[in-house]
1. Can you report the number of residues in the range 72-90 which are buried (at least 18 other Cβ atoms within 10 Å of the Cβ) and assigned to a strand (DSSP E or B)?
2. For the range 140-171, give me each residue that is out of contact with any Ser or Thr (no Cβ under 8 Å at 6 or more places or on another chain) and surrounded by fewer than 17 Cβ atoms within 10 Å (Cβ to Cβ).
3. Quick one: count up the residues across the range 172-225 that are under 30 Å from THR160 (Cα atoms), among the charged types (D, E, K, R) and either in contact (Cβ under 8 Å) with a residue 60 or more places away in the chain or surrounded by 14 or more Cβ atoms within 10 Å (Cβ to Cβ) (or both).
4. If you scan the range 27-71, which residues turn out to be in a loop (DSSP other than H, G, I, E, B) and more than 19 Å from VAL111 (Cβ to Cβ)?
Amino acid sequence: MGISWMKTGAASANLAKQDEAEKQQQQEQKGLLWRFSLKDKEEARITFIDGDLDAEGHLNPPRYYEHGLYNESQRSMSFYVCPEKTQPELNHKCPLCATGDKAALVAVFTVIDHREFKTKAGKVLKDQKRLLVAKPMSMEMLTKIAAKRGGLAGATFDVTRMGDKSAAIGSMFDFVEKNPVDTLQATFLEEVEVNGVKKTQSMFVPADYEKEIVFKTPEEMLKLGVGASHSAGFGSAMAPGGSSAKPSNYSKDL
């Protein structure tokens, strides 16, 4: 008899655990902002919602360490805040660091993506709010641009990604224009419903990063099957439910 494709016993239990973990993660991500990214040679026009210079003239966006894993089963990247490097004062032991995966320092901004997208239902969406997550080399480039433009907030750029090895957020930022934030707040409006009442409000406000970037403790990560306990030693990085996660060399990407 050949090897059955059906899972039984412990393998069956692991498959159920994986499915439950992936559903839980999908549920957590519902309603959260998508990340801005480009394919090779793709172009987009974006406008920064935040990115002001501080009193000393420095660009200091929120920063944290994160891991990025390519999930084979979902054919997509999964991102996890590294609790060990982001909050070393709490003596966290990161399950993904335990596998030998290296976290990258990232900075986060909020932008308006002016591209048009068509949903499966045929609805056309434009001017969507996105998170722009920049690694050190991209952050260095944005810092130089911000110094030249008096900050990023209100600035519009035509962004292009040149090469599949270049930064996913784009490698070329061509300045288009810069407008006052209060003018843009009055321009980009959205209709929301609060307690059954519809109202119009500005969407040109920075994201609530504490909500958008989901922080999990090492215990929560292990419960989802992400990574490995430090006592287990180095091994393969794992995605939710113990599914295989292809090393992405995330910490070395631009």
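What follows draws every value from the coordinates through simple rules; no lab data is involved. Here the structure is a predicted model, which is why all the values come from computation and not from measurement. Please note: Cβ atoms are built from the backbone with ideal geometry, for glycine as well, and neighbour counts cover all protein chains shown.
1. 3
2. Correct list: GLU140, LYS144, ALA147, LYS148, GLY150, ASP158, ASP164, LYS165.
3. The number of residues fulfilling the criteria is 3.
4. Hits for the range 27-71 are LYS30, ASP40, LYS41, ASP54, ALA55, GLU56, GLY57, HIS58.
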